[in-house]
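What follows is a single structure, written as structure tokens, with notes after it.
The values are calculated or read from the model by the stated rules, or taken from the named source; none is laboratory data. Nothing here was measured: the structure is a model prediction, and the numbers come from that model. Neighbour counts are summed over all protein chains in view; Cβ atoms, including those assigned to glycine, are modelled from backbone coordinates with ideal geometry.
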Amino acid sequence: MVHFEPKNDAAPQADAGLAPVTYLPGAAPGMKRRSPLQAAASEPEAEIDDVDADADADAETDADADALDQRERAEKVLLHRLRGRSLSTVEALLVLNGTGVDSGEASEVIEKFIQLQYLDEAKLADQIIHSHNVRKGLGRTGVEAEMRRRKLDPSVMMDKLEELPDDEAERAIDLATKRMGQMERFDDQTIDRRLTGFLMRKGYSSAAVRLAVKAAMDSRGGGSRVRFR
């Protein structure tokens, strides 16, 4: 009788058809593999961040452009005003504030215009002296009042007032004498009152006014007279 012994193979035949397991680079055993849908779902987050960053950069650029346009408009407004007449720095600043430009930009424009000599307070003070002292005959007080009204720098104003010739009394006498020609029909008391008021409004000192009124009345030939209208 023939006996057959089972053959002892080292590896089961059932495993003979399985291929060896390999891993992708960077992967390790036990790591879960993301599906294509999961990978695709995470990509828009990075794209959104990039879009937000671009939008912020564009907004900053637009804001800078708007600020530049506003400053240019403010400079044009100020230049237009300066073509009409000279301005003090305070007056110029008020013009700029009216354009809506911020205070920092306004200060920079003022400095720029001073450097370009578009704003010159010393020159403006000379113009006021010429128009009010020389042409209109205003005294020192009247000239100073106009400089203060125009908001000139106090140091510039004082320097220019010191340059005025010391001839206030002579100027007051000249004005009062000329004014007398319009008052011949009045009595002395009325003439005194009207001449005094006229010279005071011109900005002459009280001492200069008293001297001028007396000189003007004496120039008629002296003597107090009563006149009737």
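The table below lists the values:
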{"quantity": "Qualifying residue in segment 136-145 (condition: among the hydrophobic types (A, V, I, L, M, F, W, C), within 30 Å of Leu94 (Cα to Cα), outside any loop (DSSP other than H, G, I, E, B) and out of contact with any Pro (no Cβ under 8 Å at 6 or more places or on another chain))", "calculated": "yes"}
{"quantity": "Index of the failed condition, Lys178 passing every other in (1) in the same structural domain as Asp69 (by TED's automatic domain parsing); (2) under 21 Å from Arg220 (Cβ atoms)", "calculated": "(1)"}
{"quantity": "Selected residue (criterion: surrounded by the fewest Cβ atoms within 10 Å (Cβ to Cβ)) from residues of segment 71-91 that are assigned to a loop (DSSP other than H, G, I, E, B) and of a type outside the set (Lys, Arg)", "calculated": "Ser86"}
{"quantity": "Every residue from segment 153-179 that is farther than 19 Å from Lys136 by Cβ and outside any loop (DSSP other than H, G, I, E, B)", "calculated": "Pro154, Ser155, Val156, Met158, Asp159, Glu162"}
{"quantity": "Test for Leu119: is it of a type in the set (A, V, I, L, M), surrounded by 19 or more Cβ atoms within 10 Å (Cβ to Cβ), within 29 Å of Lys76 (Cα to Cα) and touching a residue at least 60 places away in the same chain (Cβ under 8 Å)", "calculated": "no"}
